[in-house]
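Below you'll find the structure, written out as structure tokens, and then a few comments.
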Amino acid sequence: MASLMALLIIASLYTWLVLSWSYSKGERAGYVQKFSEKGWICKTWEGELAMINVPGTLTEKFLFTVKDDRVAIKINETMGKKVVLVYEEHVGIPSSCFGETGYYIKDIQIVE
């Protein structure tokens, strides 16, 4: 029983650590072309950004996750507009319950 409790504590601490510590931070520019709320139990917003590339190259897609409903509302309001997504990357997340990607969007800015 004590070993099970210790295992649960270690798993909880690991999950807390990977969700609170970001591996990298950055920004990506482009057009949000797909955005929807997904999940059976753990609902997260999952999206796809068509990134702006050098002319003559193929469009690159950036897959991302949004946990904050306020950010999700801002993204829905800017669909079809050129935007910059501010993100944090988290590595080693133990379950897809926290999102399908490790890229969590923290803010969005419209590019004029």
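The values are calculated or read from the model by the stated rules, or taken from the named source; none is laboratory data. All of these numbers come straight from a predicted model, not from anything done at the bench. Heads up, the Cβs are rebuilt from the backbone with ideal geometry, glycines too, and the neighbour counts pull from every protein chain shown. When the accessible area is computed, the model is the full protein with side chains, heavy atoms only, and any ligands, DNA or RNA have been set aside. Shrake-Rupley method; radii C 1.70, N 1.55, O 1.52, S 1.80 Å.
Points worth noting:
- Condition check for Phe35: touching a residue at least 12 places away in the same chain (Cβ under 8 Å), open to solvent by 50 Å² or more (accessible area, probe 1.4 Å) and either out of contact with any Gly (no Cβ under 7 Å at 6 or more places or on another chain) or over 30 Å from Leu13 (Cα atoms) (or both): no
- Failed item, numbered, when Leu8 is tested on (1) in a loop (DSSP other than H, G, I, E, B); (2) hydrophobic (A, V, I, L, M, F, W, C); (3) open to solvent by 90 Å² or more (accessible area, probe 1.4 Å): (1)
- Whenever a residue of region 78-94 is closer than 15 Å to Ile105 by Cβ and in contact (Cβ under 8 Å) with a residue 12 or more places away in the chain, its partners that are part of a strand (DSSP E or B) and polar (S, T, N, Q), lying with C-beta atoms within less than 7 angstrom and at least six residues away or across chains, give the pairs Val83/Gln109; Val84/Gln109; Glu89/Ser24.
For every residue, the table says whether it meets (1) charged (D, E, K, R); (2) part of a loop (DSSP other than H, G, I, E, B); (3) under 15 Å from the mean Cα position of the chain (by Cα); (4) on the phi < 0 side of the Ramachandran plot.
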{"site": "Ala29", "(1), (2), (3), (4)": "no, no, yes, yes"}
{"site": "Val32", "(1), (2), (3), (4)": "no, no, yes, yes"}
{"site": "Leu49", "(1), (2), (3), (4)": "no, no, yes, yes"}
{"site": "Lys61", "(1), (2), (3), (4)": "yes, no, yes, yes"}
{"site": "Thr65", "(1), (2), (3), (4)": "no, no, yes, yes"}
{"site": "Cys97", "(1), (2), (3), (4)": "no, no, yes, yes"}
{"site": "Glu100", "(1), (2), (3), (4)": "yes, yes, yes, yes"}
